[in-house]
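Notes for the one structure printed next.
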Amino acid sequence: AALAQIASTLQTHPQLTLAHHYATVLAIDHGRYTEAEKQMRLAAQLSGDNPDAAALLVRGMADPTQRATAVHDMETLPVYAGLRSDAVVHAMFLVSLQERKRALDVLEDYVTRRDSTNLQLLWDPIFDPIRNDPRFKAVLKKMGLPYTPQAASVQ
């Protein structure tokens, strides 16, 4: 239903950058990396960012041989500074790139910085691989947020 809704929204409002971001997350949730890359490129283009750099992250999720490069670039290159500036978004991409320990480090650091406007993403299925980790539970508790077990996460 969410995929149909976002497709409808994008058909009606193709210039809505935020809708392309949500479409990217939904596509990643469902392992649809070709669609995720397409949406990531469109969002980057609309934002005036580098579409090729954006696509590299999704390719790193889809292709294990590109993963290390994608992680390194995301963590170091200035083009990804905006992504790193929001701890929850940063952690979301790290989990998607199978960097679970690093994602938990970022979330723990968030507790002191409080630099995210995207807390709702913590209940996205992207976080399911770390949802039962005691560190993830502790982060939610320190933030005063409820814990939602994997079986109850938003699908």
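The values are calculated or read from the model by the stated rules, or taken from the named source; none is laboratory data. All values reported here derive from a predicted model rather than from experimental measurement. Cβ coordinates were reconstructed from backbone atoms using ideal geometry, including for glycine residues, and neighbour counts include every protein chain displayed. Remember, those area values only see protein heavy atoms, side chains included, never the ligands or the DNA or RNA. Shrake-Rupley method; radii C 1.70, N 1.55, O 1.52, S 1.80 Å.
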Residues that are open to solvent by less than 20 Å² (accessible area, probe 1.4 Å) and either in contact with a Pro (Cβ under 7 Å, 6 or more places away or on another chain) or not small (Gly, Ala, Ser) (or both), drawn from region 41-60: 44, 57, 58
Given the condition part of a loop (DSSP other than H, G, I, E, B) and either open to solvent by less than 10 Å² (accessible area, probe 1.4 Å) or within 17 Å of residue 31 (Cα to Cα) (or both), answer yes or no: does some residue in region 125-146 qualify? no
Got a sec? Which of 107, 83, 97, 121 is aliphatic (A, V, I, L, M), closer than 18 Å to residue 28 by Cα and crowded, with 20+ Cβ neighbours inside 10 Å? 97
Say whether the condition of being in contact with a Gly (Cβ under 8 Å, 6 or more places away or on another chain) and farther than 16 Å from residue 126 by Cα is met by at least one residue in region 37-60. yes
Enumeration of residues in region 5-32 that are assigned to a helix (DSSP H, G or I), open to solvent by 70 Å² or more (accessible area, probe 1.4 Å) and either polar (S, T, N, Q) or farther than 18 Å from residue 120 by Cα (or both): 5, 11, 12
Would you point out which residue out of 93, 127, 136 is free of Cβ contacts under 8 Å to residues at least 40 places away in the same chain and farther than 30 Å from residue 8 by Cα? 136
Could you tell me whether residue 63 is buried (at least 18 other Cβ atoms within 10 Å of the Cβ) and within 15 Å of residue 96 (Cβ to Cβ)? no
